[in-house]
Amino acid sequence: LPSEAHRERALAAVQSLRGVRSVVVDVDVSRPGHVDTIEHTPAAHRLSVGHAVAEPLVYVTRYCSLDEASVSAAIRQAIAELTEFLSLAGKPAPEHLYLVYRNRQHNSLTVEIGVPVDAETASRAAGELHVAETPSGSYLERPVAAGMDALLASVGELEHIAQNSGVRTRPYFWQMFAPATFTPWRGHPPATLRQPVETGPAGEHRGSEH
C-alpha cells in the first residue's frame, strides 16, 4: 500500500468484517537494493505484523517445566476438561485452542490453555475454569518448527528483533491451533508463534491481562 494511512484504513476495514479473528500484515525484509516479494520469501524466514481482535475465552492455568513432556501433559489434561465443560453447556467441541505462555523462568513457565466461547457459555465457568479474553492487539509473528525447543528459540529471536527495532514486547506470547492439530494433542506441531508488542503510549493488549 502506498502509505501508512492507506494501510491503517485497510486494516480497519478488514477488522470490521464479521467473523474476523485476526489480521496479519506481511512485512518482507529485503537486503538493501534487492527487491523481493512475500511469495518468494521462504516460509521459515517470514516475519509478519498482525492485529488480533478479542473474544471471550474460558481457560485453565497450568505450571510446567520447559520440556515438551511437561507442557504437553498439561495441554492434554486441559483439553479434556475444556471439552467436557463445553459438552455440559450443550456446545460443540472447540474450534480453536489458545495457548498463552507467561512467566517464563529458567526452568519453568505458566501456560494458560483456553477455548473461545460466547458470553453466555463464559458465564457458566467456575472452579479452576477462568474467563478472560483471547489475546488481542498488535503482534509480531513467525512460523516455528515442531517442539518446545523450537518454540522457545523462536521467542528469543522475536524478542531480539523487536529490541533491535525499538519495539517493546509484552510479557507473554501465544499460539492458536485448529482441531486437526489438537484432537488429539501429540506435542507441539509446526505452527505460528505470536509475540505481542506495544503500539502506542498505552498500547493495545489482552483485555484481562494479568
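The values are calculated or read from the model by the stated rules, or taken from the named source; none is laboratory data. Not measured: the values here are computed from a predicted model. So basically every Cβ, Gly included, is an ideal-geometry build from the backbone, and we count neighbours across all protein chains shown. Accessible surface areas use protein heavy atoms only, side chains included; no ligands, DNA or RNA. Shrake-Rupley method; radii C 1.70, N 1.55, O 1.52, S 1.80 Å.
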| request: Answer yes or no: is there a residue in the stretch 86-98 that is over 21 Å from PHE173 (Cβ atoms) and hydroxyl-bearing (Ser, Thr, Tyr). | output: yes
| Residue match in the stretch 95-103 (condition: open to solvent by 40 Å² or more (accessible area, probe 1.4 Å), farther than 17 Å from THR181 by Cβ and in a loop (DSSP other than H, G, I, E, B)) | yes
| field | Where a residue in the stretch 150-178 is free of Cβ contacts under 8 Å to residues at least 40 places away in the same chain and more than 13 Å from ARG104 (Cα to Cα) and its partner, wherever it lies, is of a type in the set (Lys, Arg) and loosely packed, with under 15 Cβ neighbours inside 10 Å, with Cβ under 9 Å and at least six apart | value | ALA162/ARG168
| Some residue of the stretch 147-157 being under 13 Å from the mean Cα position of the chain (by Cα) and more than 20 Å from ALA178 (Cα to Cα) | yes
| Looking at the stretch 136-155, is at least one residue β-branched (Val, Ile, Thr), under 30 Å from GLY90 (Cβ atoms), in a helix (DSSP H, G or I) and at pLDDT 90 or above? | no
| said: Let me spell it out: the conditions are (1) under 16 Å from the mean Cα position of the chain (by Cα); (2) farther than 10 Å from TYR59 by Cβ, and ALA119 meets all of them except one. Which number is the exception? | reply: (1)
| field | Single unsatisfied condition, GLU112 versus (1) of a type in the set (D, E, K, R); (2) assigned to a loop (DSSP other than H, G, I, E, B); (3) under 20 Å from ARG62 (Cα atoms) | value | (2)
